[in-house]
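The structure appears below as structure tokens.
The values are calculated or read from the model by the stated rules, or taken from the named source; none is laboratory data. As the structure is a prediction and not an experimental result, all values here were calculated from the model. Here the Cβ positions follow ideal geometry from the backbone for every residue, glycine too, while neighbour counts run over all protein chains shown. Just so you know, the surface numbers come from the protein's heavy atoms only, side chains and all, with ligands and any DNA or RNA stripped out. Shrake-Rupley method; radii C 1.70, N 1.55, O 1.52, S 1.80 Å.
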Amino acid sequence: MASEAALTVTDTATATSLLHIARSLRQPSSTGRDSPRSTPQPTGSLSGREAEVAELLVLGVTYREVGSRLYISPKTVEHHVARIRRRLGAQSRSELISMLRAMGYGASTSSSVDPVTVRGPGAT
């Protein structure tokens, strides 16, 4: 429930706090009944390429578009996103996006990332 609440708040500090609470509640018990793979643990910051992928992901760019902008295949983008999810401990794509926003991704468009433009048929 805390992770769902984090998705609905607009304050990034509150969202981050709620996500930390949700993660702490999901910690495996000390009884040993849970498998070691049950909950991935956050392992730190993102690599440079993962940060580029994260920035575009928060902006709503598709894997194919991310790949063409970064000169990598969509499958490689998918692998980067999976690695980011594992590093941050996100259980879903929406939780991942919320966590990335709380970390500051997508807040400002850097000069290396073009904003997403939507063009309809016949647009020039």
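Annotations
- In segment 3-10 there is at least one residue that is open to solvent by 60 Å² or more (accessible area, probe 1.4 Å), at pLDDT 70 or above, assigned to a loop (DSSP other than H, G, I, E, B) and out of contact with any Ser or Thr (no Cβ under 8 Å at 6 or more places or on another chain).
- Close contacts from segment 51-67, counting a first residue that is hydroxyl-bearing (Ser, Thr, Tyr) and a second that is part of a helix (DSSP H, G or I) and surrounded by fewer than 19 Cβ atoms within 10 Å (Cβ to Cβ), with Cβ to Cβ under 6 Å and a gap of 6+ residues or different chains, come to Tyr63/Pro74; Tyr63/Glu78.
- For Ala123, the criteria (1) surrounded by fewer than 13 Cβ atoms within 10 Å (Cβ to Cβ); (2) modelled with pLDDT of 90 or more; (3) not in a helix (DSSP H, G or I) hold in every case but one, which is (2).
- Test result for Ser45, loosely packed, with under 14 Cβ neighbours inside 10 Å and modelled with pLDDT of 75 or more: yes
- Look at (1) farther than 27 Å from Thr12 by Cα; (2) at pLDDT below 75 and you find that Asp114 fails only one, number (1).
- Of the residues making up segment 48-65, those that are within 20 Å of Ala90 (Cβ to Cβ) and open to solvent by 60 Å² or more (accessible area, probe 1.4 Å) are Arg49, Glu52, Thr62, Tyr63.
- For segment 66-95, the set of residues classified as assigned to a helix (DSSP H, G or I), aliphatic (A, V, I, L, M) and surrounded by 20 or more Cβ atoms within 10 Å (Cβ to Cβ) consists of Val66, Val77, Ile84, Leu88, listed by residue number.
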